[in-house]
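These notes are about the structure you will find just below.
Please treat every number below as a calculation from the coordinates, not as lab data. Remember, predicted model here, so these are calculated numbers, not experimental data. Every residue, glycine among them, receives a Cβ derived from its backbone with ideal geometry; neighbour counts consider all protein chains shown.
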Amino acid sequence: MQSFQHYIGGDFKEAATHFDSLDPATEQPWAKMPSASVADVNAAVASAQNAFLSPEWALMSATARGKLLMRLADLVAENAQSLAELETRDTGKIIRETSAQIAYVADYYRYYAGLADKIEGAHLPIDKPDMEVWLRREPIGVVAAVVPWNSQLFLSAVKIGPALAAGCTVVLKASEEGPAPMLEFARIFDQAGFPKGVLSVLTGGPDIGAALTSHPDVAHVAFTGGPETARHIVRNSAENLASTSLELGGKSPFIVFDDADLESAVNAQVSGVFAATGQSCVSGSRLVVQAGIKDAFLARLKEKAEAVVMGSPDDMATEVGPLCTKAQRDNAMALIEKSVSQGAKVITGGQLPQGKGFYFPPTILDCDNAPDAASLSAEFFGPVLSVVSFETEAEAIEIANNTQFGLASGVFTQNLTRAHRMIRAIRAGIVWVNTYRAVSPIAPFGGHGLSGHGREGGIEAALDYTKVKAVWLRTSDDPIPDPFVMR
Ligand code: NAD
C-alpha cells in the first residue's frame, strides 16, 4: 500500500497513527493515510504564526509573493497527471474530470499570482485640511482552511491562492475521505520555494477540524462543506472570534421555459446534475420546467441519462463513477426511498447496481405529485434530479426561491426581457443564463442563506483575507489645539 505524510512547518512528518483509505471503485484499502493529533494541529498553527510574523514572509514584497505563486502554478501544471490520478484513485472522481479540473487549478494559482501586487489600499479625500488619511490593506493572519472530499485540489486552490496573495499563512485540513491529492499537493508546494510554515497540510476527522478552527491563533476560517458542519465551525470560531467564509451546499433550481433551446438545455441539465457524479455544490438538482414542454423535455433527458456511461473512474470513457463513500450512497438511497413514499415517481434510475464499488445510477424523480418530497429540499450530493413543473413566470420564481439554500441557478429562455427579470428575482449567488456550471478564477463564487457567506474566486476572495488599517497623518507644524475637543 502507498503511504502519505503530513506537511507541517515545511517538513514532512510521520504521524503517530494512520488510517486506511478505500478505493471507492473497489471498496478495497489502497493507501495508508496519516491521522493528525491535536499536537500536530498546534505545531502547524505555531509554524503558520511564526511564518506570518517572520520578516522573510511579512516583509516580502507582494510582487515576490506573486512570483512564488506563479512558480506553484507551473509546478501544479507540470504534475497535473499524477495529481489527477491520485484524486481519481482516492475519491472516485472520474479521470475525465480530474484531468480537466487540474488544468484550471493551475489557472487559479496564476490568477492570484497576478493579483498579489494589485491588492491596493486607498487615499481618502478627508474633510480636514491638515490631515492625510489613507487605508492599508493588510493580511488578516493565520487562515484555517477546511475542505470536503470532492474537488479538494480546486476547493483548496480557491483558498490558498487568495490567502497567500494577500500575505496570510495557511493551515489546511484535508478531508479524511480521500486526502491523497492534498498530501501530494504539499510535496509539490514544497518545491515552489515559499518560506517554511507558510502552508501546512494535515488530515483527520471532525475533532481535528474542531481543534484547528477553534485555535486561538487562527484569524480566519475558510470552510467548504455542509451546513451542519458550518454551524460547528461558527461555534468553534466563537473561541477565537475569527472571521469566516463558508461555502456550503445547494439545491439549485434549473429553470426551463417553453421558448428555450431544448437541445442546449437538456445537455446543460445533464452536465448540471450528473457531472461529478452529482457530488457538486452547484448541482442543478431541481428541474423547474414549464408544463407545456415537461413531457418532451423529460423524454429527451431520460434518453440521455440512460445513455450515460457508468464505469471505472480511471477510464477516460466513464461519465459517471462511484460516489466517494458508502455513507454517501446509503444517504442518497434513503432520500430516494423517502421521496417515493411521499409520492415522487421514479422516471429512471433509483436502483443500486450489482457488484463492488459505491456506484449510483443517474436518477430522475418526478415530484409534481409530491410537493413535500424530501428530494426537493435536501441535498443529495449524488446524481439525482427532482422535477417540478410550472405554468407562469411568477410561479417559476416562487418555486426557484422555495429553498433555504441560495448558491447557484440556471435559466433557459430566448426571451431577453424575461431573462433580466429572472436574474433580478432569483435569490442565489450565481445565475447562469442559457448555460450552466461555468467557472473562472475571475468570477466570484458563493451563496446566501444555508449556502453560506463570503466569496471564492475573483478579487472579492482576496479582499476577504485582508483587514483595513486607517492611517492618519497630521501635516501641520502648529501645536495640537484644545486637547478636550475631538477633531
Ligand atoms: P462535511 O461538512 O461533512 O465536511 C467538510 C470538512 O469539514 C471535512 O474536512 C470534515 O472533516 C470537516 N469537519 C467535520 N466536522 C467538523 C467540525 N466539527 N469542525 C471542523 N471541521 C469539521 O462536508 P462533506 O459531507 O464532506 O462535503 C459535502 C458538502 O460540501 C456538501 O454539502 C456540499 O454541497 C459542500 N460543498 C460546497 C461547495 C461550495 O463551494 N459551496 C463545494 C463543494 C462541496
(request) Could you look through the stretch 137-189, keep only residues that are of a type in the set (K, R) and surrounded by 24 or more Cβ atoms within 10 Å (Cβ to Cβ), and pick out the one that is nearest to the chain's Cα centre (by Cα)? (result) K159
(message) Within the stretch 387-424, take every residue that is among the β-branched types (V, I, T) and closer than 13 Å to V256 by Cα and give me the one that is nearest to the chain's Cα centre (by Cα).
(response) V411
(message) Among the residues of the stretch 115-132, are any touching a residue at least 40 places away in the same chain (Cβ under 8 Å) and either aromatic (F, W, Y) or within 30 Å of V308 (Cα to Cα) (or both)?
(response) no
(request) Determine which single condition A425 fails, assuming it passes every other condition in (1) surrounded by fewer than 18 Cβ atoms within 10 Å (Cβ to Cβ); (2) within 14 Å of the ligand (Cβ to nearest atom). (result) (2)
(request) Search the stretch 436-465 for residues that are basic (K, R) and pair each with any residue that is within 11 Å of the ligand (Cβ to nearest atom) when their beta-carbon atoms are under 6 Å apart and the residues are at least 6 apart or on different chains. (result) R455/G446
(message) I'd like the full set of residues that are more than 8 Å from the ligand (Cβ to nearest atom) and surrounded by fewer than 23 Cβ atoms within 10 Å (Cβ to Cβ), limited to the stretch 220-232.
(response) R231
(request) Go through (1) in contact (Cβ under 8 Å) with a residue 60 or more places away in the chain; (2) under 16 Å from F390 (Cβ atoms) one by one and return the number of the condition L246 breaks. (result) (2)
(message) Out of the residues in the stretch 233-246 meeting the condition of being in a strand (DSSP E or B) and within 17 Å of the chain's Cα centre (by Cα), tell me which one is nearest to the ligand (Cβ to nearest atom).
(response) L246
(message) Condition (residue is of a type in the set (A, V, I, L, M, F, W, C), within 16 Å of the ligand (Cβ to nearest atom) and either under 30 Å from P24 (Cβ atoms) or within 25 Å of the chain's Cα centre (by Cα) (or both)) applied to the stretch 337-357: is it met by at least one residue?
(response) no
(message) Tell me yes or no: at least one residue of the stretch 237-251 is within 30 Å of A419 (Cβ to Cβ), surrounded by 24 or more Cβ atoms within 10 Å (Cβ to Cβ) and among the basic types (K, R).
(response) yes
(request) Check G250 against each of (1) within 19 Å of S375 (Cα to Cα); (2) in contact with a strand residue (DSSP E or B) (Cβ under 8 Å, 6 or more places away or on another chain) and name the one condition it does not meet. (result) (2)
(message) Which of the strands (runs of 3 or more DSSP E) found entirely inside the stretch 125-207 contain at least 2 residues meeting this: within 16 Å of the ligand (Cβ to nearest atom)?
(response) 142-146, 169-174, 199-203
